[in-house]
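This report refers to the structure that appears directly beneath it.
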Amino acid sequence: MLYEQLRSSILSGQLAGGSKLLPSRVLAAQCGLSRNTVLAAFDQLAAEGYITGRQGSGTYVARVLPEELLQSAPFSQSSASPALHPGAATLSARGERLARARRMPIPSVLGHQPRGAAFLIGLPALDAFPFKTWTRLYSTRFATSASALMPYDSPAGYRPLREAIASYIATARGIHCTADQVIVMNGSQQALEFCARILLDPGDAAWLEDPGYLGARAALVSAGAHIVPVPVDESGLDVAAGIELESTARIAIVTPSHQFPLGHTMSLERRLALIDWAARNESWVIEDDYDAEFRYVGKPLAALTAIDTHQRVVYVGTFSKVLFPSLRLGYIIAPEAIVDGFIAAHLSTDMHAHLIDQAVVTDFMEQGHFANHLRRMRVLYRERQQLLIQEAERIGGRIALAPSDGGLHLVGQLADIGDDTAIAKSALQQGVHVWPLSIHHYHPSRSSALLLGYAGTPKRDMRAGFNVLAKVLQDRPTTTRAKPGTRTI
């Protein structure tokens, strides 16, 4: 192709900058080509900046080629900005706090490639996900309505999905709301950060469960909140302790249905006390209902939002645990008084989540696949929890697990064998992902317990993971042994 030959000669320097090219008629005759072919090559080279024509003089190779224009111009060190010394501040004070904050120890998020699925926290059973159904729904959407989902949409989210969520949440969690109160977010973490930023001013006090979810802590740090760690016991957040510590806190972030990380359920007495405190102080409660779909004993508990007669609870739900984490879809159900403010604020951030994903989730729910998938996963996860406990018993008494009424992980109490963080690090080096409970305490803790996820751990990985964990635990001295079946923490 003549264009490629000429361009190559120019780039290699065979045709130097400023040199004159043969006239198109002469070049066509020499190459045995039509003149139109030569003119087309000249036009393309001229359009890309490789040659230039001079009226009445001819065609010349450009003195400055396009590739040179794309390179950064050299600069002298004297004209450059002075280099920052290692101790120079580059972030705001809040940014520095956020950068130093503890992160959820998810290997892929922290830059590590997981070598196995054993005991990863918050991971659903991807090996049991209905990929064929999901792929078919995606294909149908792209074939029938992709163009309609490409423009901007409401910052509250795709209307049919909001209607599907409102219908589902009424049955599953006892929350009666309208689709207008539902705001679709990019996952529950964005929802938590969004709530903290909208409902808090810098310096406002906020209650945080202790131990608690590190993502909630990061959201409060991002909002510049004054964090008040409130202790948790078997009845959930200790509301009386929170009032004694900071009665005028602006918000409280809680996981009442299945406290993270301990797994306790907040008692009705505590729930009513929390709502009463929020109403009296005109404060807000953020209910993170991250895995309430997975309850294996009795009916699912009603959400805190469902018993809130004062409209002081903001509900946060997610599809990460029921479908898959990388979907990045969650939602907020806001009291009517603050819905418009939330939607306006969402407009100033990322506008809305990916519409194709929202539409496919809508189809998945409306066609009954969502309910069927949940039923199958409840059965599977109950079986995997039982298997987790059996495997723990198989390796001896150095880690004690007790069954839980719900959730996707268990807390294993360790015998007196030292630092749970060091144990988790040793296990990770061998491809087993257990989390130390101590990192979830706000203040330094001497907890000796591990969090083990079972939902996303197939049987083969669970047995292999416990074999590794047994070796890690055996390498550490012990003076007492945990009793299998004892209540954790």
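Rundown of residues vs (1) touching a Phe, Trp or Tyr at 6+ places or on another chain (Cβ under 6 Å); (2) under 23 Å from Ile121 (Cα atoms); (3) part of a helix (DSSP H, G or I), yes/no style:
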residue	(1), (2), (3)
Ala292	no, yes, no
Val297	no, yes, no
Thr305	yes, no, yes
His310	no, no, no
Gly317	yes, yes, no
Leu323	no, yes, no
Gly341	no, no, yes
Ala353	no, no, no
Ile356	no, no, yes
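If the condition is being of a type outside the set (Phe, Trp, Tyr) and over 18 Å from Ile332 (Cβ atoms), then segment 356-369 contributes Ile356, Ala359, Val360, Asp363, Glu366, Gln367, Gly368, His369.
Residues of segment 267-285 that are of a type in the set (A, V, I, L, M) and surrounded by fewer than 24 Cβ atoms within 10 Å (Cβ to Cβ): Leu268, Leu272, Ala273, Ile275, Ala278, Ala279.
Screening Ala337, Ala292, Ala371, Ala303 for residues that are free of Cβ contacts under 8 Å to residues at least 12 places away in the same chain and either in contact with a Lys or Arg (Cβ under 8 Å, 6 or more places away or on another chain) or among the aliphatic types (A, V, I, L, M) (or both) leaves exactly one candidate, Ala371. Looking only at residues that are acidic (Asp, Glu) and modelled with pLDDT of 90 or more in segment 299-355, which one is farthest from Trp134 (Cα to Cα)? Residue satisfying both the conditions and the ranking: Asp308.
Every condition in (1) in contact with a Ser or Thr (Cβ under 6 Å, 6 or more places away or on another chain); (2) at pLDDT 95 or above is met by Ile275 except one, and the failing one is (1).
Can you confirm whether Ile399 is of a type in the set (Val, Ile, Thr) and touching a residue at least 60 places away in the same chain (Cβ under 8 Å)? Yes: the conditions hold for Ile399.
For segment 140-161, enumerate the residues that are under 25 Å from the mean Cα position of the chain (by Cα) and free of Cβ contacts under 8 Å to residues at least 60 places away in the same chain. Listed by number, the residues that qualify are Pro151, Arg159. Please work out which residue is farthest from Leu469 (Cα to Cα), limiting yourself to segment 410-448 and to residues that are of a type in the set (Ser, Thr, Tyr) and in a helix (DSSP H, G or I). Among those residues, the one meeting the criterion is Ser438.
The values are calculated or read from the model by the stated rules, or taken from the named source; none is laboratory data. Just so you know, these numbers come straight off a predicted model, no measurement behind them. Neighbour counts are summed over all protein chains in view; Cβ atoms, including those assigned to glycine, are modelled from backbone coordinates with ideal geometry.
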